[in-house]
Amino acid sequence: MNVPRRDAHAVVIGGSIAGLLASRVLADYFDTVTIFEKDHLVDSAEPRMGVPQGRHVHSIWKRGLSLMEESFPGLTSELIEGGSAEVEMTKDFAWYHRGVWKLRVPSGIFITCQTRPFLEWQIRRRVCQISNIDLVDHCHVKRFVTDATAQRITGVAVQSRRAGATEETVSADLVVDASGRGSRTPRWLEELGYGRPDMSVIDVDVGYATRFYARPPQEDCPWKALIVAPTPPDGTRLGVIFPVEGQRWIVMLGGWNGDHPPRDEDGLLEFARNLEAPDIYTFMREAEPLTPIAGYKFRANVRRHYERMRRFPGGLIVLGDSLCSFNPIYGQGMTTSALDAMTLRECLDRAVHRGESLDAMAHHFLKRVPRRLDAPWRLAAGEDMNWPGTQGDAPFGTPFMNWYFGRVHALAARDPQVLVRFVRVANMIDSPVRIFHPRVLAPVLTRSTRVAPSP
């Protein structure tokens, strides 16, 4: 079939943020979009079993927030009205990194800070208001359904998790796998005779612990958010404090290469005391805790290279963490999911303009989306290679890039233009190529990077 056709049906596997953003795009091109989500969903900002990392710090960088705003006009205002904190990244963040405090200057780069469940709930509410999207929760997708030749995915076999339910087949003109890191697409493709995709794996063995604290409305605090990051290769411990909805602080401590924070009160405080700057430890000693300590472990960055497969079925799109799962400490996941959804829209628009089939559109997406992933993958995987315990094949040029960014980080403590250009790249507003602009390149190559640590 060509795009669009008014009786067309798209199925999305997974009702998390990647699936919700993809569904919003598909609703403009398909008569009906059905989302199948294995978790039971409630109409509130509650953590859920299928997103175990949902209790921890999540960042939506500026590019991702802008793309979400394009899909859901007014979303940013709704988040802020609901309690999200708006912060200017280069002014409101106190950021200690590689032994120095970064400058704090205006840049106009604002993001919102909130919990993952709150952001997902707000987006889900918007998606459920779209008349041609049907969200089916508590429903397990068991396998792909194909045509007689197994050359094309024509639907999915599903079974509700509710008592007495039986398996049923749901036909679809397009299936989108947004089920997340645990995606079954590699196994299902292997069972259909396609084999599994190659994978790039960077084993980082990250673990972290999170707790919420009270945030009094009139609290006199010199910052709105605080990051204390380690100096590799010897430093492995990170601490983050973000403001979130409900007048709360979320505090996360984490570590690379097996240096994980304990989940008991005294042990967690001792872990904080050994961060490279004392500010988070001081905060935790005096703040009022609201919740128990929650832990989470992340083993490896994983990128699945479907674009390298010799054969790939028609009627299938893979995106979000199903395609590429990043170390969550860098906060890239939700923004790359938004970029995947943007790429899907671009491919659908191209197919409409050219009168192409859905299979041609899906093939174009298969080849195009990896180029969008290259930059965030290089940044995350390359940064993780700073620690000697990290295992995996480093992206090409990693030693030089890590040397270069090390000098950028040091210069960001005294050169406001270097700081702002770096933050624009980190927020995926600009391509990483922009960090080699002469205004950055010249001081990186010619200036001393020694900076006296600020108090």
Zone residues, segment 35-53, relative to Ser160, backbone N less than 17 Å from point 7 Å out along Cα-to-Cβ: 35-42
Residues Asp147, Asp7 arranged by fewest to most Cβ contacts within 10 Å: Asp7, Asp147
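If you count the DSSP beta bridges with both ends in the chain, what percent of them are antiparallel, to the nearest 5? Mind showing how you got there, number by number?
Details: 53 of 75 bridges.
That works out to approximately 70 percent antiparallel.
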Cα-based Kirkwood hydrodynamic radius, the chain, one decimal, Å: 23.0 Å
The chain: angle of helix 358-384 to the longest principal axis, Cα-based, in degrees nearest 10: 20 degrees
Alpha-carbon Debye profile of segment 397-446, log10 I(q)/I(0) at 0.31 Å⁻¹: -1.35
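To make sure I understand, if each residue's beta carbon is the centre and we count other beta carbons within 10 Å, what order do Thr112, Thr343 fall in, fewest to most?
Details: Thr112 25, Thr343 21.
Fewest to most other Cβ atoms nearby, the residues stand as Thr343, Thr112.
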Interchain or long-range residues, amide H under 5 Å from Trp61's placed H: Thr335
Segment Arg263-His140, extension gain: residue separation times 0.36 nm, minus the distance between their alpha carbons: 41.0 nm
Per-residue Cβ neighbour rank within 10 angstrom, fewest leading, Tyr330, Tyr306: Tyr330, Tyr306
Segment Met49-Lys297, extension gain: residue separation times 0.36 nm, minus the distance between their alpha carbons: 87.8 nm
3J(HN,Hα) from dihedral phi, segment 131-142, Karplus parametrisation 6.51/-1.76/1.60, rounded to Hz, x for glycine, proline: 5, 9, 10, 10, 9, 10, 9, 6, 9, 9, 8, 9
Centre separation in Å (Cα based) which lies between segment 271-329 and segment 357-383: 20 Å
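Can you show me the helix-derived [θ] at 222 nm for the chain, built from DSSP H runs with n ≥ 4 at -39,500 (n - 2.57) apiece and divided by the number of residues, rounded to the nearest 500.
Computed ellipticity for the chain at 222 nm equals -10000 deg cm²/dmol.
Here, each number is a calculation from the coordinates, and none is a lab measurement. All figures in this text were calculated on a predicted structure; none of them were measured in a lab. Heads up, the Cβs are rebuilt from the backbone with ideal geometry, glycines too, and the neighbour counts pull from every protein chain shown.
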